[in-house]
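K.L.:
Attaching a single structure in C-alpha cells format; questions to follow.
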Amino acid sequence: MSDSEDGFTLLELLVVIVILGLLIGLVAPAVLRQLGGARISIAHQSIARLSSVLDMYKLDVGSYPTTDQGLQALVQAPAGITNWNGPYVQSGKLPVDPWNHSYVYHNPAERAGHDYDLCSTGPNGDATGDAMICN
C-alpha cells in the first residue's frame with residue numbers, strides 16, 4: 001500500500017459534511033416544533049396548578065386576590081387580609097411561565113364564564129386575546 005492510499009480524500013470529507021448538513025436541516029425543525037409544543041403543554045399544566053393554588057387561597061381568605069393584589073398575594077400577605085395562610089407557592093417567589101415571563105392575572109375575569117383570568121403571553125411575551133394560553 002502506498003502513501004497516496006492512506007486516509008480520506010477531500011471529496012469524501014465534503015460528501016460526508018454535505019450529508020450531515022442535510023440530515024441536520026431536516027431533523028432540526030421537527031425537534032424545535034416538538035420543543036415548542038412541550039412548552040405549551042407545560043404552560044397549560046402550570047396554569048392548572050396555579051389555579052389549584054388560587055383555590056386554596058380562596059378557601060383561606062374567602063375570595064381570590066384582586067387584580068391589584070395579583071399573584072403576589074400567593075407569596076406575601078396582602079394588607080388587611082387576616083386569614084392568609086401562605087406562602088402558597090413552595091419557592092416563595094412568583095411563578096413564571098415556561099418562557100420565563102410573568103403570568104397575567106385579572107380578577108374579575110375579562111373573559112365570560114371565569115372567576116379570574118390566569119394567562120401566559122406565550123413564547124414572545126406579547127400575545128394578546130386568543131393567542132394567550134389561559135385557564
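Just so it is clear, none of the values below were taken in a lab; they were calculated from the coordinates. It should be emphasised that the depicted structure is a prediction, and the values quoted were computed from it without experimental measurement. Counting neighbours? That spans all protein chains shown, and the Cβs are built from the backbone with ideal geometry, glycine included.
K.L.:
Sticking with the crude label model, points 7 Å out along Cα→Cβ, report the distance from ALA112 to GLU12 in nm, one decimal please.
P.N.:
7.1 nm
K.L.:
A further question follows. Measuring from a point 7 Å past the Cα of GLN45 along Cα-to-C-beta, which residues in segment 86-129 have an amide N at less than 19 Å?
P.N.:
89-91, 95-101, 103, 119-123
K.L.:
By what distance, in whole Å, do the Cα atoms of segment 10-134 stretch along each of the three principal axes, largest value first?
P.N.:
The Cα atoms of segment 10-134 stretch 77, 31, 19 Å along their principal axes.
K.L.:
What does the helix-only formula give at 222 nm for the chain: each DSSP H stretch with n ≥ 4 adding -39500 (n - 2.57), the total divided by the residues, and the result rounded to the nearest 500 deg cm²/dmol?
P.N.:
Mean residue ellipticity, 222 nm, calculated: -14500 deg cm²/dmol.
K.L.:
Name the trypsin sites (Lys or Arg not before Pro) in segment 39-135 that are in a loop by DSSP and that have at most 16 other C-beta atoms within 10 Å, would you?
P.N.:
The qualifying sites are LYS93, ARG111.
K.L.:
Using a 10 angstrom cutoff on alpha carbons, build the Gaussian network for the chain and name the most mobile of VAL27, VAL53, VAL96.
P.N.:
In this elastic network of the chain, the residue with the biggest mean-square fluctuation among VAL27, VAL53, VAL96 is VAL27.
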